[in-house]
Amino acid sequence: MISSIKNTWNKLADTGTAKMLSEAERRDVRLFNRTWITVLIIQVLCLFSHVINGLHSAALTTACFIAGLCSLYFIVKNGYINQAKMTAIVLISVDTIVNGVVFGEQTHVIDFLLLAALCPLYFFEIKNKRLIFVGIAVCLVPYALFHFGAQYVAQYALPIATQRGLYNLITWEKYFCLMVLLYLMYNKNAHYEREMQQKENELLGQKKQYESILEQIPIDIVTMDKDLKYTYINSAAIKDPSVRAWLLGKTNSDYFRFRKLDMKGAEDRERMMKEALAKGSTVQFEETFIDRHGKAKSSIKGVSPIYNDADQGLTGLVGYAFDISELKEAEKKLKEYAIELERKNDDLHHFVNATSHDLKSPLRNIASHLQLLQRKNSDKLDEDSQEMIAYTIKSVKHLNQLINDIYQYSIADRNDKPLEMANLNAVLEESLKQMNDFITTKNADITFDVLPTLKMAPSHIGMLFSNLVGNALKYNTNLKPQVMIRATTSDTTHIISVADNGIGIAPEYQEQIFEIFQRLHTSSEYEGTGVGLAICSKIVENYGGKIWVESLPGKGSTFYFSLEKNLVDPASTESHNITAYKSMAIAG
Ligand code: ADP
C-alpha cells in the first residue's frame with residue numbers, strides 16, 4: 001500500500017520530466033510537481049471537511065480550485081512548464097480573491113493566501129524574467145486591490161470595524177512574509193544567474209579552446225548558418241584579421257565581390273553548399289580558381305551539414321578546404337615524366353630491336369663462314385685450329401642466344417595488342433610442341449593439370465612456360481626427367497607451379513637467380529645466358545604477381561608464380577597509379 005502510494009507520488013512528480021533537456025530542468029519540474037500535488041492533496045482534504053461540515057459554498061470554490069490544479073497535470077505533461085507555473089499563480093490568485101469575496105470575515109487569512117500566490121514564482125528560472133514580472137503583477141495587483149479596497153467595500157459577516165482591526169493586527173507580519181518571499185525569489189534567481197554565468201564562461205572557454213585548435217590546423221575551416229552566412233572563419237582560410245571579422249555574417253558572394261573575383265566561382269560554391277543542405281550530407285568537390293594575385297589554385301573542398309544535438313535540426317554547414325596546388329603540380333610533372341619515360345622506353349626498345357637485328361645477321365654470317373671454313377679445310381687444319389674454330393662457333397652461337405634473350409627481356413613487359421583471354425593449357429601445349437625435340441632427347445615425362453584461363457598476353461604466358469619447363473629439363477641429370485605443371489586457386493589468386501626432379505638449387509641462391517645474368521653454372525656445365533628467369537620475373541611482376549622457388553640441392557625444384565584472378569591490363573596501370581595518387585592526396 002505504502003509502496004504503491006510512493007510509486008504514484010514519484011510517477012506524478014516525474015510528469016513532464018522526459019521532455020526536459022537538462023538534469024537541472026528535470027529537478028525544477030519535479031519540485032514544481034511536488035508542490036502543486038501537495039496543494040492538491042490539502043485542497044482535497046479541505047473539500048472533504050467542507051462537505052462533512054455542510055459548507056457548500058466553500059466546497060464549491062475548493063472543487064473549482066481542485067479542477068484547476070488537475071489541469072496543471074496535463075499542461076506539465078506536455079512540457080509547458082512555464083505556462084503551468086503561470087496557471088498555478090493565476091489559480092491561486094483567483095481562488096484567493098474568490099475566497100476573499102465569499103469569506104471576507106477571514107481577512108487576514110485571505111491576505112496570507114494572496115501572499116502564497118507568489119510562491120510558484122519561486123520556481124521560475126532566471127531566464128524567464130519577463131514571466132516573473134508578469135507573475136508578480138498577477139499576484140500583487142489583486143493583493144493591492146484587496147489590501148486597499150476590500151476593507152471599504154466588502155459586506156462581510158463581521159462588522160467593518162472588526163475587519164479593519166483584524167487587518168491592522170497583522171499588517172507587519174504580512175509585510176515581513178512578503179519580504180522573506182521576495183528575498184527567497186531574488187536569492188534563487190541570483191543563484192541561477194550565477195550558475196548561468198558560470199556555464200556561459202565555461203562555454204566561452206571551450207569555444208576559445210576549439211577555435212585555437214582550429215587555428216592550428218593548416219586547413220581552411222569555416223562554419224556558416226542556414227542562410228550561408230559565415231559564423232566562423234579560421235586564419236588559414238583568411239589571413240587578414242580585419243577581412244575575417246568583416247566577413248562574419250556575410251556570404252561567399254560578398255567575399256568574391258569584395259575581392260573582385262570571378263563570380264562564377266562563388267556560384268559554383270553556393271551550388272555545392274545548397275546541395276549539402278538539401279541532401280543533409282557531405283558534398284566534396286575539387287576546385288581550381290584564379291586567386292586575387294592571378295595564381296591558379298587547386299583545392300579539395302567539402303561542406304557538411306551541422307545538426308543540433310538536441311533536436312537533430314539542421315543549424316548550418318561546416319566547410320573545409322585544403323590546398324592541393326602542389327600535389328596538382330607534382331601530378332602534372334609525374335604525367336610528363338611518365339610520357340617522357342614511355343618515349344625513352346620506346347626509343348630503347350627500337351634501339352634494342354634494331355641492334356639485335358643488326359648484330360644477328362653478321363653473327364649468322366660469321367658462324368656460317370666459320371663452319372664452311374672448317375668443312376672445306378678439315379684436312380688442312382691441325383687439331384688445335386679445328387678446336388679454336390669450333391670454340392669460336394660456339395661463342396658466336398652463345399652471343400646470338402644472348403642477343404635473342406636480351407631482346408626477349410626487353411619486350412617481356414610489352415604487349416602491343418589488347419589483352420585477350422588466354423587458355424593456359426592451350427598456350428602450354430603450344431610451348432611443349434616447340435620444345436618437342438628437346439623433350440624427346442631428354443626422354444622426359446611432362447604432366448599438367450587443367451589450368452585456368454586468364455586475361456593476359458599468350459606470348460607472355462608462353463615465355464613463362466618455355467623458360468620454366470626448359471630449365472626443368474636442362475638442369476636435370478635424371479635418365480627420366482619428370483616435370484609437373486599444377487594450378488591451385490584461392491579466392492583471388494591462381495598459383496601455377498612447375499616442379500622437376502632435377503639438380504635443385506641451394507637456398508642461398510634462390511633469390512639471386514631471378515636477377516638478370518645470374519647463373520649458378522658455367523656454360524661448359526650447362527649452356528645458358530642467365531636471362532630466362534629474369535624474363536619470367538619481369539612478366540609476372542608486370543601483371544602484379546610474384547615468382548619464387550622452393551628447392552633443395554639434389555631434390556628437384558618447384559617454381560611458383562601467382563597471378564590475380566581478375567588481372568588488370570598492365571597497360572592501364574598508369575591511370576591506376578594516378579587515381580591512387582589522387583585518392584591519397586584527398587585522404588591526406
Ligand atoms: P639460364 O638458364 O640461361 O642460365 P635462367 O635465368 O633461366 O638462366 O636461370 C638462372 C639460373 O638458375 C641457372 O643458371 C640455374 O643455375 C638456375 N636454375 C634455373 N632453373 C633451374 C632448375 N629448374 N633447376 C635447377 N637450377 C635452375
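How much net charge surrounds Tyr122 when only the other residues with a Cβ under 10 Å from the Cβ of Tyr122 are counted, with Lys and Arg +1 and Asp and Glu -1? The partial results should precede the final answer.
Details: positive: Lys85, Lys188; negative: none.
Counting the neighbours of Tyr122, the net charge comes to +2.
Check which residues have an amide H placed less than 5 Å from Thr315's amide H, if you skip close sequence neighbours.
Answer set, sorted by chain and number: Ile306, Tyr307, Asn308.
Picking from Leu402, Ala367, Ser325, whose Cα lies most toward the positive end of the charge dipole for region 324-411 (charges on Cβ: Lys, Arg +1; Asp, Glu -1)?
Towards the positive end, the residue furthest out is Ala367.
Loop only by DSSP, 13 or fewer other Cβ within 10 Å of the Cβ. Give me the GluC sites (Glu not before Pro) in region 492-529 that pass, ordered by residue number.
On the way: sites: Glu508, Glu511, Glu515, Glu525, Glu527; in loops: Glu511, Glu515, Glu525, Glu527.
Filter output for region 492-529: Glu511, Glu515, Glu525, Glu527.
With each label point set 7 Å from Cα along the Cα-Cβ vector, what nm distance links Ser22 and Val90?
It works out to 2.8 nm between the two label points.
Could you tally the net charge around Lys274, taking each other residue with its Cβ under 13 Å from the Cβ of Lys274, Lys/Arg +1 and Asp/Glu -1? Before the final figure, lay out the partial values.
Working: positive: Lys226, Arg269, Arg271, Lys279; negative: Asp227, Glu267, Asp268, Glu270, Glu275.
With Lys, Arg at +1 and Asp, Glu at -1, the net is -1.
Just the ratio, please: alpha-carbon radius of gyration of region 345-470 over 2.2 N^0.38 Å, N its number of residues. Working shown, then result.
Values: Rg = 19.5 Å, N = 126, 2.2 N^0.38 = 13.8 Å.
Normalised Cα radius of gyration, region 345-470: 1.41.
Taking θ as phi - 60°, what are the ³J(HN,Hα) couplings along region 456-473 by the Karplus curve (6.51, -1.76, 1.60), each to the nearest whole Hz, with x for Gly and Pro?
Once rounded to whole Hz, the list reads 7, 5, x, 5, 5, 5, x, 4, 4, 5, 5, 5, 5, 5, x, 5, 4, 7.
Efficiency by 1/(1 + (r/R0)^6): what FRET value for Lys480 and Asp382, r their Cβ-Cβ distance, R0 = 45 Å, to the nearest 0.05?
Values: r = 41 Å, r/R0 = 0.92.
It comes out at approximately 0.60.
Can you return the aspartates and glutamates within cross-link range of Lys6? Criterion is Cα-Cα under 18 Å, with same-chain partners fewer than 8 residues away left out.
Asp14
What does the charge add up to near Lys301, with Lys and Arg as +1, Asp and Glu as -1, over the other residues with Cβ less than 10 Å from its Cβ?
-3
Work out Dmax and Rg for region 218-323 from the C-alpha atoms and quote the Rg first, both in angstrom.
For region 218-323, the Cα-based Rg and Dmax read 13.4, 45 Å.
When Rg is the radius of gyration of the Cα atoms in region 417-587 and Rh is its Kirkwood radius, what does Rg/Rh come to?
Taking Rg over the Kirkwood Rh, I get 1.01.
Here, each number is a calculation from the coordinates, and none is a lab measurement. As the structure is a computational prediction, the values presented were derived from the model and not from experiment. Glycine gets a Cβ as well: all are built from the backbone with ideal geometry, and neighbour counts include every protein chain shown.
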